[in-house]
């Protein structure tokens with residue numbers, strides 16, 4: 001009897017890294033394929049919209065009950081720039 005394997009659930013912790021980024025992931029089953037912050041269900045777009053609205057990183061962390069670091073924000077900005085074709089994502093990564 002052939003045993004059917006169960007599909008593996010994709011989470012923000014197990015999704016593949018976006019272009020080698022440490023904190024940014026992407027998978028079609030996670031937020032509809034949007035770039036997502038690793039370990040969360042928060043899209044990069046949500047983080048960037050919060051910054052654009054004038055929220056500080058402390059405000060964002062309080063709102064999302066997270067502990068995003070400057071590195072997470074930096075990677076989110078680089079990934080967004082990469083998607084827009086502004087620069088190679090690896091050009092300015094620390």
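Read-outs: derived from the displayed coordinates by stated rules, not from any lab. What you see is a predicted model, and the numbers here were worked out from it, not measured in a lab. Ideal geometry is used to build each Cβ from the backbone, glycine not excepted, and the neighbour counts take in all protein chains shown.
Quickly rank 18-30, 57-69, 36-48 as a protection proxy: mean count of other C-beta atoms within 10 Å, highest first.
Ranking the peptides 18-30, 57-69, 36-48 by packing returns 36-48, 18-30, 57-69.
Using 7 Å Cα-to-Cβ label points, what is the residue 53/residue 84 separation (nm, one decimal)?
A separation of 1.9 nm, rounded to one decimal place.
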